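Chemist: A single structure is presented below for examination.
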Amino acid sequence: MEIKWIKTFIVAAQYENLRKTSEELFLTQPAVTKHIQRLEERLQIQLFEREGKKIRLSAAGAKYLPHAKALLTQYENGLAAFESWKHGYEQKVQIAVAPQIASSILPEILSEFMSAFPKIDVHINVINSYEVAKEVGNGNADIGLTQVHSLVDNIESEIVLEEPVVLVAPYTKDEETEEDILAKYRLITYNHPVYWDDLIHQIHQHYAFTKTFKVNQIEVTKRFIEQGLGASYLPYSMIQKELQYQMVKIISAKK
C-alpha cells in the first residue's frame, strides 16, 4: 500500500469529484482514478460508488476514511520528526498564536528562546485569537498566546503581559487633544477582540459626537490611520515601527 494512494483517497472523499481532486493534488484524472483503484484492490472492497464521472463515498469508504487519515497523519508526523532529528533537534514545541501577538512581541520572545534552547524545533501556527485555546485543549499546540481569556476547561492559563491601549492618530506636528482627534476623524473600532465594547461606551459618554466604522484587523487599521482615514485605540506594542518612522502619533487621553 502506497501513501500516495491514501492521500488521493482522502482528498477524493472530501470533494467527491475527480476533477477537483486532480486539481488539488496536481495529478491527471486518470492518475487519480488509478490510485483509488489500486487502494480498492489492496483492500478488496469498493470505496466509492460511481455514476459516470461522479463519485460518492461508499459505506466501506466512510468506514475506512478515519483510518486513512490516521495513517497519513502518522506518516507525516514520522517524517517531520525524522527531519527534525537530522537537523539536530531533540524536541519540538508547537505554538498557537494570535496574529497581533505574532507580528509584535513574538519575534523578540522567539529570538531569546531559540538562543537559549537551540535544540528545540519551534513550529508557529498563527490563528484567530478565539481558536488558540482550542488548539491547546485539543493537543494540537503545546503553548498558546492569545489576547482573550480561555473558556477551555482542560488547560491552564495566566496573564503574562499587560500593556496600555493608546489613541493613535495620523502623524502631524500639531498639538491635538483626544477631543480634537475624535471630532476630526472617524474612530476605527473592533480591530481587537477584547476591549471595544466597554471602550465604545466610555467614549460616547465623554464624546457623544464620535463617529465610528469597523475594521477587524489591526494591520489594516494602522494603514488606514497612516492615510488619514481615521484614528483608533490600539495596544502600544502594535505601533512601535509606525511611531519610530513618524507614520502615526499617540494622543494623550482625557483624564
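The values are calculated or read from the model by the stated rules, or taken from the named source; none is laboratory data. Model, not experiment: these values are computed from the prediction. Here the Cβ positions follow ideal geometry from the backbone for every residue, glycine too, while neighbour counts run over all protein chains shown. Protein only, heavy atoms only, side chains kept; ligands, DNA and RNA dropped before computing areas. Shrake-Rupley method; radii C 1.70, N 1.55, O 1.52, S 1.80 Å.
Chemist: Is it the case that some residue within the range 89-109 is in contact with a helix residue (DSSP H, G or I) (Cβ under 9 Å, 6 or more places away or on another chain) and closer than 30 Å to residue 43 by Cβ?
Modeler: So far as the range 89-109 goes, no, none of its residues is in contact with a helix residue (DSSP H, G or I) (Cβ under 9 Å, 6 or more places away or on another chain) and closer than 30 Å to residue 43 by Cβ.
Chemist: Mind checking which residues of the range 129-178 are in a loop (DSSP other than H, G, I, E, B) and closer than 30 Å to residue 87 by Cβ?
Modeler: Once the filter is applied, which keeps residues that are in a loop (DSSP other than H, G, I, E, B) and closer than 30 Å to residue 87 by Cβ, the range 129-178 yields 138, 139, 140, 141, 142, 146, 155, 160.
Chemist: Within the range 200-255, which residues are in contact (Cβ under 8 Å) with a residue 24 or more places away in the chain, among the polar types (S, T, N, Q) and either within 21 Å of residue 172 (Cβ to Cβ) or touching a Leu at 6+ places or on another chain (Cβ under 7 Å) (or both)?
Modeler: Once the filter is applied, which keeps residues that are in contact (Cβ under 8 Å) with a residue 24 or more places away in the chain, among the polar types (S, T, N, Q) and either within 21 Å of residue 172 (Cβ to Cβ) or touching a Leu at 6+ places or on another chain (Cβ under 7 Å) (or both), the range 200-255 yields 210, 212, 221, 227, 232, 240, 246, 252.
Chemist: Of everything in the range 1-35, what is under 14 Å from residue 64 (Cα atoms), free of Cβ contacts under 8 Å to residues at least 40 places away in the same chain and touching a helix residue (DSSP H, G or I) at 6+ places or on another chain (Cβ under 6 Å)? Give them in sequence order.
Modeler: If the condition is that a residue be under 14 Å from residue 64 (Cα atoms), free of Cβ contacts under 8 Å to residues at least 40 places away in the same chain and touching a helix residue (DSSP H, G or I) at 6+ places or on another chain (Cβ under 6 Å), then 5, 8, 11 are the ones that fit.
Chemist: Moving to a separate point now. Please determine, by comparing only the residues of the range 81-97 that are touching a residue at least 12 places away in the same chain (Cβ under 8 Å) and either among the basic types (Lys, Arg) or part of a helix (DSSP H, G or I) (or both), which one is least open to solvent (accessible area, probe 1.4 Å).
Modeler: Only one residue fits best here, namely 84.
Chemist: Quickly run through the range 167-202 and pick out the residues that are surrounded by 19 or more Cβ atoms within 10 Å (Cβ to Cβ), among the aliphatic types (A, V, I, L, M) and under 26 Å from residue 127 (Cβ atoms).
Modeler: Within the range 167-202, 168, 188 meet the criteria.
Chemist: Inside the range 212-251, can you point out the residues that are among the acidic types (Asp, Glu) and either within 18 Å of residue 129 (Cα to Cα) or part of a loop (DSSP other than H, G, I, E, B) (or both)?
Modeler: 219
Chemist: Out of all the residues in the range 98-128, which are assigned to a strand (DSSP E or B) and within 9 Å of the chain's Cα centre (by Cα)?
Modeler: If the condition is that a residue be assigned to a strand (DSSP E or B) and within 9 Å of the chain's Cα centre (by Cα), then 125, 126 are the ones that fit.
Chemist: Hey, another quick one. Within the range 205-225, take every residue that is over 25 Å from the mean Cα position of the chain (by Cα) and closer than 15 Å to residue 181 by Cβ and give me the one that is surrounded by the fewest Cβ atoms within 10 Å (Cβ to Cβ).
Modeler: By that ranking, first place goes to 209.
Chemist: I would also like to ask the following. Which count do you get for residues in the range 21-36 that are outside any helix (DSSP H, G or I) and exposed (fewer than 15 other Cβ atoms within 10 Å of the Cβ)?
Modeler: Qualifying residue count for the region: 2.
Chemist: Return yes or no: is residue 72 under 26 Å from the mean Cα position of the chain (by Cα), on the phi < 0 side of the Ramachandran plot and open to solvent by less than 60 Å² (accessible area, probe 1.4 Å)?
Modeler: yes
Chemist: From the set of residues in the range 11-20 that are surrounded by 16 or more Cβ atoms within 10 Å (Cβ to Cβ) and over 16 Å from residue 52 (Cα atoms), which is nearest to the chain's Cα centre (by Cα)?
Modeler: Among those residues, the one meeting the criterion is 11.
Chemist: Tell me yes or no: at least one residue of the range 42-62 is under 30 Å from residue 92 (Cα atoms) and open to solvent by less than 90 Å² (accessible area, probe 1.4 Å).
Modeler: no
Chemist: Report the residue count in the range 76-111 for those that are at pLDDT 90 or above and either farther than 19 Å from residue 144 by Cβ or in contact with a Gly (Cβ under 6 Å, 6 or more places away or on another chain) (or both).
Modeler: Result for the range 76-111: 2.
Chemist: Among residues belonging to the range 130-149 that are in contact (Cβ under 8 Å) with a residue 24 or more places away in the chain, charged (D, E, K, R) and under 21 Å from residue 192 (Cβ atoms), point out the one that is most open to solvent (accessible area, probe 1.4 Å).
Modeler: 131
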